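Engineer: Encoded as structure tokens, here's the structure I'll be asking about.
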Amino acid sequence: MNRREFLALAAATPFAVRSGAAFARPVPLALVTCDTEARVAVVDVDAGRVVRSIPVLPDPRSIERVGAGDALVCHTNVGALSIIDGRSLRVRHVLDDFVQPRYTAAHPDGRHAFVTDSGSEEVVAVDLTIGRSLGRLHLGGWARHLTLDASARTLWVGLGNVAAHLAVVDVSDPTRPMFLRTVTPPFLAHDVSFLPDGAHVWVTSGDQGKMAVYQASGEARRLLPADAAPQHVTFGAAVAYVTSGVAGTIRVHSLRDGRVLRTTPIPVGSYNVQQGTGGRVLTPSLDRGTLSILDAHGGLLHEVHVSSSSHDACFVV
């Protein structure tokens, strides 16, 4: 199926989840990648059930909320991106000028996003409105997880699954990313995430049960213990949620002192994690194809079977 045929099929499929006066209240939805199928599942977060599927290109891996409630999907083995309209739940744009797109960081201006491409070893600026790639920066490493600070001026980019270095990139002009420096953690790094305050960055490990908290300047502030590598991290109100897909756990850490407040068992293979609407936390399982939905305290609310394998999830309303 070529790009034109795919967009025609997607536009012809109805995806309104709820409509009419009886459903006037916005419904929190999760979009979940179905890695071995050419679709993204739509999950009602409150009800804990799959309500629709969105047909997309093959091999949907990562998904990130972008713009004013849309979502960007990376199709790693196809070398393409899909931009899903958050209102219609239809594919609005397809970009096919990538090699192996991996992960996305959304710019708060609603128009731009940054995508890592491990195949070309680049970070790429994308215009979400017109569906076009803009500036590209070669990083000289297998670019994967990335995070944008609160001022939208600085990206940190992990250069591999087990990365010796992180790249720090100036994106004060979101169309022209520029390399600044590297940061070398005391372990091989995996995930990286700025705190909402923009002053600190959490870096997880790809090879050890450790995490590091950095100041945005690049100075290491604290080492914390963690479950089995690799870990992934997202943040809520005064807490961090850290998953270990190998151990099958999600830990809730205090941001004040890093101590563990709660540990909740989740399906093995639950790696990526997102916090969002109503304090809910999402973590899908690569091994089980489930989506775990947790409350703000780390309590498991729903475990939804979505597919044979699910890599990533994000919120839309």
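The values are calculated or read from the model by the stated rules, or taken from the named source; none is laboratory data. All values reported here derive from a predicted model rather than from experimental measurement. Quick reminder, even Gly has a Cβ in these numbers, built from the backbone with ideal geometry, and neighbours come from all protein chains shown. In case anyone asks, the SASA skips ligands and DNA or RNA and just uses the protein heavy atoms, side chains included. Shrake-Rupley method; radii C 1.70, N 1.55, O 1.52, S 1.80 Å.
Engineer: Can you tell me which of Leu146, Leu139 is within 15 Å of the chain's Cα centre (by Cα) and open to solvent by 10 Å² or more (accessible area, probe 1.4 Å)? Show your work before the answer.
Structural biologist: Numbers: Leu139 fails: within 15 Å of the chain's Cα centre (by Cα).
That would be Leu146, the only listed residue that is within 15 Å of the chain's Cα centre (by Cα) and open to solvent by 10 Å² or more (accessible area, probe 1.4 Å).
Engineer: Spot the failing condition for Ser133; the list is (1) under 20 Å from Ala113 (Cβ atoms); (2) open to solvent by 60 Å² or more (accessible area, probe 1.4 Å), and only one is missed.
Structural biologist: (2)
Engineer: Kindly indicate whether any position in segment 272-279 is at pLDDT 95 or above, over 18 Å from the mean Cα position of the chain (by Cα) and not polar (S, T, N, Q). Don't jump to the end; show me each part of the working.
Structural biologist: If we filter segment 272-279 for residues that are at pLDDT 95 or above, which is where we start, we get 272-274.
Still in the running and over 18 Å from the mean Cα position of the chain (by Cα): none.
No, segment 272-279 contains no residue that is at pLDDT 95 or above, over 18 Å from the mean Cα position of the chain (by Cα) and not polar (S, T, N, Q).
Engineer: Oh, and also: Return yes when Ser118 is under 17 Å from Leu155 (Cα atoms), small (Gly, Ala, Ser), open to solvent by less than 10 Å² (accessible area, probe 1.4 Å) and under 17 Å from the mean Cα position of the chain (by Cα) and no when it is not.
Structural biologist: Values: under 17 Å from Leu155 (Cα atoms): yes; small (Gly, Ala, Ser): yes; open to solvent by less than 10 Å² (accessible area, probe 1.4 Å): yes; under 17 Å from the mean Cα position of the chain (by Cα): yes.
Criteria met by Ser118.
Engineer: I've got another one for you. Going through segment 32-54 one residue at a time, which ones are in contact with an Asp or Glu (Cβ under 9 Å, 6 or more places away or on another chain) and open to solvent by less than 10 Å² (accessible area, probe 1.4 Å)?
Structural biologist: Filtering segment 32-54 down to residues in contact with an Asp or Glu (Cβ under 9 Å, 6 or more places away or on another chain) leaves 32-33, 35-36, 38, 48, 50-51, 53.
Once the filter is applied, which keeps residues that are in contact with an Asp or Glu (Cβ under 9 Å, 6 or more places away or on another chain) and open to solvent by less than 10 Å² (accessible area, probe 1.4 Å), segment 32-54 yields Val32, Thr33.
Engineer: Just give me the residues in segment 235-267 being buried (at least 16 other Cβ atoms within 10 Å of the Cβ), among the hydrophobic types (A, V, I, L, M, F, W, C) and either in contact with a Gly (Cβ under 7 Å, 6 or more places away or on another chain) or on the phi > 0 side of the Ramachandran plot (or both), in sequence order.
Structural biologist: Residues satisfying the conditions are Ile250, Val252, Ile266.
Engineer: Right, another one. Run Ile293 past the list (1) aliphatic (A, V, I, L, M); (2) in a loop (DSSP other than H, G, I, E, B); (3) within 17 Å of the chain's Cα centre (by Cα) and report the number of the one that doesn't hold.
Structural biologist: Of (1) aliphatic (A, V, I, L, M); (2) in a loop (DSSP other than H, G, I, E, B); (3) within 17 Å of the chain's Cα centre (by Cα), only one is false for Ile293: (2).
Engineer: Turning to a different aspect of this structure: Can you tell me which of (1) over 21 Å from Ala38 (Cα atoms); (2) of a type in the set (A, V, I, L, M); (3) touching a residue at least 40 places away in the same chain (Cβ under 8 Å) is the one Ala247 doesn't meet?
Structural biologist: Going through (1) over 21 Å from Ala38 (Cα atoms); (2) of a type in the set (A, V, I, L, M); (3) touching a residue at least 40 places away in the same chain (Cβ under 8 Å) one by one, Ala247 breaks only (3).
Engineer: Could you list all residues from segment 55-88 that are open to solvent by 10 Å² or more (accessible area, probe 1.4 Å), more than 20 Å from Leu282 (Cα to Cα) and not acidic (Asp, Glu)?
Structural biologist: Selection gives Pro55, Leu57, Pro58, Asn77, Val78, Arg87, Ser88.
Engineer: In segment 153-174, what residues are of a type in the set (A, V, I, L, M, F, W, C) and open to solvent by 10 Å² or more (accessible area, probe 1.4 Å)? Give the steps one after another, and end with the answer.
Structural biologist: Here is the first cut: in segment 153-174, the residues of a type in the set (A, V, I, L, M, F, W, C) are 155-157, 159, 162-164, 166-169, 171.
Answer for segment 153-174, where residues must be of a type in the set (A, V, I, L, M, F, W, C) and open to solvent by 10 Å² or more (accessible area, probe 1.4 Å): Leu159, Val162, Ala164.
Matching residues to (1) more than 21 Å from Leu166 (Cβ to Cβ); (2) acidic (Asp, Glu); (3) without any contact (Cβ under 8 Å) to a residue 12 or more places away in the chain:
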position	(1), (2), (3)
Val201	no, no, no
Ala212	no, no, no
Ser217	no, no, yes
Gly236	yes, no, no
Gly258	no, no, no
Gly278	yes, no, no
Gly299	yes, no, no
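Engineer: Are any residues in segment 196-225 open to solvent by 20 Å² or more (accessible area, probe 1.4 Å) and of a type in the set (A, V, I, L, M, F, W, C), and if so, which ones?
Structural biologist: Result: Ala199, Ala216, Ala220, Leu223.
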